[in-house]
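Participant: Here's a structure for you.
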Amino acid sequence: MRVLVTGAAGFIGYHVCRQLLNRGDEVFGVDSLNSYYDPRLKRDRLANLVNQKSFRFAHLDLTHDSATSTLQNAGPFDATIHLAAQAGVRYSQEAPRSYTASNIVGFINVLEASRGIKNHHLIFGSSSSVYGECRVIPVQETVDTTRPVSLYAATKMAGELMAYSYAAQYGLQVTALRFFTVYGPWGRPDMAIFKFTEAILNNRPVELFAGGTLRRDFTFVDDTVQGILAAVDRPPADRDDGYRVYNLGRGTPVTVNELLEQLEVCLNRRAIRRVVPFQSGDVSVTYADIHAAQNDIGYQPSVSLADGLQRFVEWYQRYYLNAELPLKHSA
Ligand SMILES: NC(=O)c1ccc[n+]([C@@H]2O[C@H](COP(=O)([O-])OP(=O)(O)OC[C@H]3O[C@@H](n4cnc5c(N)ncnc54)[C@H](O)[C@@H]3O)[C@@H](O)[C@H]2O)c1
């Protein structure tokens, strides 16, 4: 299978590319390598991909009008996995235009590139944030998602709607996957697990929004990638009208306080805790009902939080501290 992966140098995109290559697919990756977080991390992820013979890469900003023709010329592809985006809830208050640029304009350019291809399947990386402050948990894909509480969430919901319109008008097959707080080796420096690890190892305080009472459905990246590849292999059926949406969470939320305690065990160090207020744009709980993805595409999250954190910590120490650890896992 020939697969286009956007955001290939990003956290999830990198793992997706690796798994696709491992199973023998041909991958064309694109990324702008922007500096939302340290681009060195993106380049280092990429360095692990470019030495593989079935991988090609284009340094491409999807917001440029010419991106559509660049993708068309590189194709055709059997499937597109669209993961390039401006991520992060809190940063959308600081830099709103980077969200409309990458998540709306960039996505239109990808949709346009997919438009003319027969039987094309587009997998879109959406987010649990589309649920806002949902009162009914675990949350099912069918609940109302018209009340986003951050611009990030609004652009992700807009992406789902844009993709739906391409399914309806042009026969594009679309699977939207709502990811729930993905973590693991090569993870994002702006996310809690990464920041907490950095703070603990440098004896700096860990900031606990709302006193660490927020609950998150932390999902290990290998599980998310298993779900993405399962979706790739099972395009929407006729009954889906060419469009479907699934939660890819773990289905077992924990509080941030519980997460921190587990991380202290993995690092064998105590954190200095600093309580900070609840931030607007955040939601108090994310908790996925994953039955639809389990039943329809065979999604099977299997990595416990303790195991996943251990794998993250081992990678972090190796990558940042060059620590010679007895490695239990390879990342
Ligand atoms: N990690 C999570 O917990 C999580 C949760 C929900 C949804 N998501 C979504 O999953 C996708 C991947 O997330 P991630 O955690 O790997 O983030 P990431 O920031 O590591 O990866 C996104 C990549 O997209 C690239 N990119 C951004 N704008 C671009 C543009 N205009 N043109 C080309 N490339 C561009 C970035 O350089 C980056 O490498 C994103 O769409 C994100 O919104 C992630």
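The values are calculated or read from the model by the stated rules, or taken from the named source; none is laboratory data. Everything quoted here is computed from the prediction, not taken from an experiment. Here the Cβ positions follow ideal geometry from the backbone for every residue, glycine too, while neighbour counts run over all protein chains shown.
Participant: Of (1) outside any helix (DSSP H, G or I); (2) surrounded by fewer than 16 Cβ atoms within 10 Å (Cβ to Cβ); (3) at pLDDT 95 or above; (4) among the basic types (Lys, Arg), ARG188 satisfies all except one. Which?
Facilitator: Failed condition: (2).
Participant: Also: Just need a number here: residues in region 289-302 that are touching a strand residue (DSSP E or B) at 6+ places or on another chain (Cβ under 8 Å) and in a helix (DSSP H, G or I).
Facilitator: 4
Participant: One residue is enough: does region 49-59 have a residue meeting the conditions of a type outside the set (D, E, K, R), surrounded by fewer than 18 Cβ atoms within 10 Å (Cβ to Cβ) and assigned to a helix (DSSP H, G or I)?
Facilitator: yes
Participant: Which condition breaks for PHE107 when tested against (1) farther than 30 Å from SER280 by Cα; (2) buried (at least 17 other Cβ atoms within 10 Å of the Cβ)?
Facilitator: It fails just one condition, (1).
So that you can scan it fast, the table gives a plain yes or no per residue for (1) among the β-branched types (Val, Ile, Thr); (2) in contact with a Pro (Cβ under 9 Å, 6 or more places away or on another chain):
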| site | (1), (2) |
| --- | --- |
| THR197 | yes, no |
| GLU207 | no, no |
| ARG216 | no, yes |
| ASP223 | no, yes |
| GLY227 | no, yes |
| ALA231 | no, no |
| ARG234 | no, no |
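Participant: Continuing with the same structure: So which pairs qualify, if the first residue must be in region 32-47 and on the phi > 0 side of the Ramachandran plot, the second must be part of a loop (DSSP other than H, G, I, E, B) and at pLDDT 95 or above, the Cβ gap must be under 6 Å, and the two must be at least 6 apart or on different chains?
Facilitator: LEU33/ALA9
Participant: Now for a separate question. Has region 203-212 got at least one residue that is of a type outside the set (D, E, K, R), more than 18 Å from SER127 (Cβ to Cβ) and under 15 Å from the mean Cα position of the chain (by Cα)?
Facilitator: no
Participant: Restrict the check to region 72-95 and report whether at least one residue is touching a strand residue (DSSP E or B) at 6+ places or on another chain (Cβ under 7 Å), in a loop (DSSP other than H, G, I, E, B), surrounded by fewer than 23 Cβ atoms within 10 Å (Cβ to Cβ) and of a type in the set (A, V, I, L, M).
Facilitator: Taking every residue of region 72-95 in turn, none turns out to be touching a strand residue (DSSP E or B) at 6+ places or on another chain (Cβ under 7 Å), in a loop (DSSP other than H, G, I, E, B), surrounded by fewer than 23 Cβ atoms within 10 Å (Cβ to Cβ) and of a type in the set (A, V, I, L, M).
Participant: From the list ALA293, ALA230, pick out the single residue that is within 16 Å of the ligand (Cβ to nearest atom), within 21 Å of the chain's Cα centre (by Cα) and modelled with pLDDT of 95 or more.
Facilitator: The unique qualifying residue is ALA293.
Participant: Using beta carbons and a limit of 9 Å, which pairs, at least six apart or on different chains, have the first residue in region 156-169 and over 25 Å from VAL89 (Cβ atoms) and the second one among the charged types (D, E, K, R) and buried (at least 17 other Cβ atoms within 10 Å of the Cβ)?
Facilitator: TYR166/GLU112
Participant: Scan region 161-197 for residues that are within 15 Å of the ligand (Cβ to nearest atom), hydroxyl-bearing (Ser, Thr, Tyr) and on the phi < 0 side of the Ramachandran plot and report the count.
Facilitator: Result for region 161-197: 2.
Participant: Another question, then. Condition (residue is over 18 Å from the mean Cα position of the chain (by Cα) and assigned to a helix (DSSP H, G or I)) applied to region 1-20: is it met by at least one residue? Explain how you work it out, then say what you get.
Facilitator: Here is the first cut: in region 1-20, the ones over 18 Å from the mean Cα position of the chain (by Cα) are 1-2.
From the residues that got through so far, the ones that are assigned to a helix (DSSP H, G or I) too are none.
No, that holds for no residue.
Participant: Another question about this same structure. So, in region 26-48, how many residues would count as being more than 12 Å from the ligand (Cβ to nearest atom) and in contact with a Ser or Thr (Cβ under 7 Å, 6 or more places away or on another chain)?
Facilitator: Residues in region 26-48 being more than 12 Å from the ligand (Cβ to nearest atom) and in contact with a Ser or Thr (Cβ under 7 Å, 6 or more places away or on another chain): 2 in total.
Participant: Still on this model: Looking at region 133-147, which of the residues that are crowded, with 19+ Cβ neighbours inside 10 Å and either of a type in the set (Ser, Thr, Tyr) or modelled with pLDDT under 95 (or both) is farthest from the chain's Cα centre (by Cα)?
Facilitator: If we take residues in region 133-147 being crowded, with 19+ Cβ neighbours inside 10 Å and either of a type in the set (Ser, Thr, Tyr) or modelled with pLDDT under 95 (or both), then CYS134 is farthest from the chain's Cα centre (by Cα).
Participant: OK, next. How many residues does region 21-44 hold that are in a helix (DSSP H, G or I) and within 17 Å of VAL3 (Cβ to Cβ)?
Facilitator: 2
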